[in-house]
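Note sheet for the following structure.
The values are calculated or read from the model by the stated rules, or taken from the named source; none is laboratory data. Just so it is clear, the structure is predicted and the values come from calculations on it, not from any experiment. So basically every Cβ, Gly included, is an ideal-geometry build from the backbone, and we count neighbours across all protein chains shown. Surface areas here come from the heavy atoms of the whole protein model, side chains and all, with no ligands, DNA or RNA. Shrake-Rupley method; radii C 1.70, N 1.55, O 1.52, S 1.80 Å.
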Amino acid sequence: MRVRRLVALTAVAVLAGTSACGGGGDEAADGRITVTVGTANQGAVLKSLTEIVGSFNASQSEITVKLQQYPDPATLLQKTLVQLSAGEPPTLSPCQPSWAAAYAKANGLVDVSTMFGAPGAMTAQDIEDFHPVLLKSTKIDGRQLTLPFDRNISFLYYNKALLRQAGLTAPPATWAQFAEYAAKLNTADTWAADFFNSPFMVSVWNSMVHAYGGKVLDDGQTKAAFNSPAGRDALRFWVDLAQKKHIRVSSEPSAGQLNFGAGKTALYVSDSTALSFIKQSVGDKFEMAAAPMPAGPAGTFAEMGGANICLFNKAPKNVQEAGFRFITYLLSTSKNGDFVRASNYLPNRRSTIEELKGFYAQNPVPAVAVAQMEHAIDPPTVQSWPQLAGTILVHLLAAVRGEETVEDALTKAEKEVNEILDK
């Protein structure tokens, strides 16, 4: 199961409750500079990253890159924050946008634009090859503190067989059509979709709030903006489906993926990085396909997840420079292409998209993800966003379960979110 939004920890809580040791790199006995890379990747993604590390180490004789493996993103964040406070973080690490805000607040990140043009490093011109939508979350206060790494984006998976049984020939193009489909997809053994107890549902709702013409936070990310007609319409959509029993509400965080894979549900919003898990779950039970996120009155919007990559400033300058040489290698067109093929993450560069044309022609599901990039939005990048998303989820679930009205749920969530933002 994907874990891109299952982190709900603040820096304060982490620093108060966790201890660890780490290090940004040093010089090995053979004279090579050691660069450490924190990672929580697993499975095929970890295998691909390990292969890229091995390839880089074999390509030159000055630097040795070593992976520091953590079991999940929550642990990676916890350990890195503690290591950062001790002045001993890894040389570099993936960082979700809200994590980067925490690291930047601790004055822990290198402005990587200062590294452009160094021997073996990317140049300012290379940045122009990165997809512009992926660059939006990489700057903090005007400084280039991160670069795109393993980003993903939401879209709609659907079960072709269940749609055909309901007399439907194409996936829903709009949220209104999604609701119409839901009424036709329920049988004694199957149903349209799940609303499940995972922060990922907040990202779905965030995409919908934008599609209905609103925002979750204000432009300055200092106040809640979701207690609005758009926010209420986006939540009422799920409440109405639940009341009509056209969807089911589950306390199981992975219910969406499990029930879709079992052929119980016809429609499932997820992202391309879930594809390998879904394929394994689906097997040969039915034919699966993908489509863009449904559109709302204001258009199509799809929230991105995943992480950028950041370089910490606690190691000696030569280690930082070595770390940036590895980042340059990792994000090169060729290696980014290898990583995308293995992981189904979004390609970072326009040149990577061009290189992968044949791959996408044969793999239409991740191709939908690439097409969605024109409709991408980032989640809020404020440091407390994981905590805010957890707070919002509590009230979204309460409304969908009929425990709170839509109005009360969003009013309560607004008050609690603003209290967190005001701290």
Long-range amide H partners of Val382, meaning residues 5 or more apart or on another chain whose placed amide H is closer than 5 Å, are none
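Going by a ≥ b ≥ c, the root eigenvalues of the Cα gyration tensor, does segment 161-212 fall in the rounded group (a/c under 1.5), the prolate group (a/b larger than b/c) or the oblate group? Provide the component values of the computation, followed by the final result.
Details: a/c = 2.93, a/b = 1.54, b/c = 1.90.
Because a/c hits 1.5 or more and a/b fails to exceed b/c, segment 161-212 counts as oblate.
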Listed residue pairs exceeding 31 Å between alpha carbons, taken from Lys47/Lys223; Lys245/Lys412; Lys285/Lys357; Lys215/Lys314; Lys139/Lys215
Lys47/Lys223; Lys215/Lys314
With each label point set 7 Å from Cα along the Cα-Cβ vector, what nm distance links Phe286 and Asp30?
5.3 nm
With a cut-off of 8 Å between alpha carbons and a minimum separation of six or more residues, what is the relative contact order of the chain in percent?
25 percent
Given charges at beta-carbon only (K, R positive; D, E negative), |dipole| of segment 24-177 in Debye
760 debye
Report, in degrees rounded to the nearest 10, the 0 to 90 angle that the Cα long axis of helix 406-422 makes with the longest principal axis of the chain.
20 degrees
List the aspartates and glutamates whose Cα sits under 14 Å from the Cα of Lys105, skipping any in the same chain fewer than 8 residues away.
Asp141
Quick one: which residues, 5+ away or cross-chain, put their amide H under 5 Å from the amide H of Phe196? H built at 1.01 Å from N.
Ser250
If I fit a long axis through the Cα atoms of helix 73-85 and take the longest principal axis of the Cα atoms of the chain, what angle between them do I get, 0 to 90°, rounded to 10?
40 degrees
Each residue of segment 228-240 in order: what ³J(HN,Hα) in whole Hz does its phi give by Karplus 6.51 cos²θ - 1.76 cosθ + 1.60, θ = phi - 60°, with x for Gly and Pro?
9, x, 5, x, 5, 5, 5, 6, 4, 3, 6, 4, 4
Could you tell me what fraction of 2.2 N^0.38 Å the Cα radius of gyration of segment 185-224 comes to, as a two-decimal ratio?
1.64
Just to verify a number: FRET efficiency for Asp141 and Thr187, C-beta to C-beta distance, R0 = 60 Å, to 0.05?
0.65
Backbone HN-Hα couplings from phi across segment 114-121 [Karplus 6.51/-1.76/1.60, Hz, Gly and Pro as x]:
6, 9, 4, x, 5, x, x, 10
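Return the carbon/sulfur percentage of the accessible area of the chain, one whole number, probe 1.4 Å, all protein chains in place. Write out the running numbers ahead of the final one.
Working: 8570 of 16540 Å².
That fraction is 52 percent.
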Among Ala121, Leu168, Ser250 the positive-end extreme of the charge dipole of the chain (Cβ point charges)
Leu168
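Would segment 196-333 count as rounded, prolate or oblate if I go by the C-alpha gyration tensor, calling it rounded below 1.5 in a/c and otherwise prolate when a/b exceeds b/c, oblate otherwise? Present the calculation step by step, with values, prior to reporting the outcome.
Working: a/c = 2.58, a/b = 1.40, b/c = 1.84.
It comes out oblate by the Cα gyration axes.
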Counting only DSSP loop positions in segment 329-400, the chymotrypsin sites (Phe, Trp or Tyr not before Pro) whose Cβ has at most 12 other Cβ atoms within 10 Å are none
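With a ≥ b ≥ c taken as the square roots of the eigenvalues of the C-alpha gyration tensor of segment 291-423, please select rounded if a/c is under 1.5 and otherwise prolate if a/b is larger than b/c or oblate if it is not? Present the calculation step by step, with values, prior to reporting the outcome.
Details: a/c = 3.47, a/b = 1.43, b/c = 2.42.
Oblate, since a/c reaches 1.5 and b/c is not below a/b.
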To the nearest 20 debye, what is the magnitude of the charge dipole of segment 238-283 about its Cα centre, counting +1 on the Cβ of each Lys and Arg and -1 on the Cβ of each Asp and Glu?
180 debye
Let me spell out the model: positive unit charges on the Cβ of Lys and Arg, negative unit charges on the Cβ of Asp and Glu, origin at the Cα centre of the chain. What dipole size does that give, in debye rounded to 20?
560 debye
Label points 7 Å out from Cα along the Cβ direction at Lys317 and Thr114: separation in nm?
0.9 nm
Environment charge at Leu135 (Cβ cut-off 14 Å; Lys +1, Arg +1, Asp -1, Glu -1)
+2
Report, in degrees rounded to the nearest 10, the 0 to 90 angle that the Cα long axis of helix 175-185 makes with the longest principal axis of the chain.
60 degrees
Which order do His395, His375 take when ranked by solvent-accessible area (1.4 Å probe, heavy atoms of all protein chains), largest first?
His375, His395
Could you work out which residue, out of Ala295, Ala242, Ala58, moves most in a Gaussian network model of the chain, that is, has the largest mean-square fluctuation with Cα springs under 10 Å?
Ala58
Towards the positive end of the charge dipole of the chain, with charges on Cβ (+1 Lys, Arg; -1 Asp, Glu), say which of Gln320, Val394, Ala376 has the farthest Cα.
Val394
Taking amide H positions as placed in the peptide plane 1.01 Å from N, state which residues far from Val35 in sequence (5 or more) or on other chains have amide H under 5 Å from it.
Thr64, Val65, Lys66
If one builds a Gaussian network model of the chain from Cα atoms under 10 Å apart, the most fluctuating residue listed among Ala225, Ala118, Ala322 is Ala118
Relative contact order for segment 264-423: what is it in percent, counting Cα pairs under 8 Å that are at least 6 residues apart?
25 percent
GNM of the chain, Cα pairs under 10 angstrom: of Ser276, Ser93, Ser59, the biggest fluctuation goes to Ser59
How many percent of DSSP beta bridges within the chain run antiparallel, rounded to 5?
65 percent
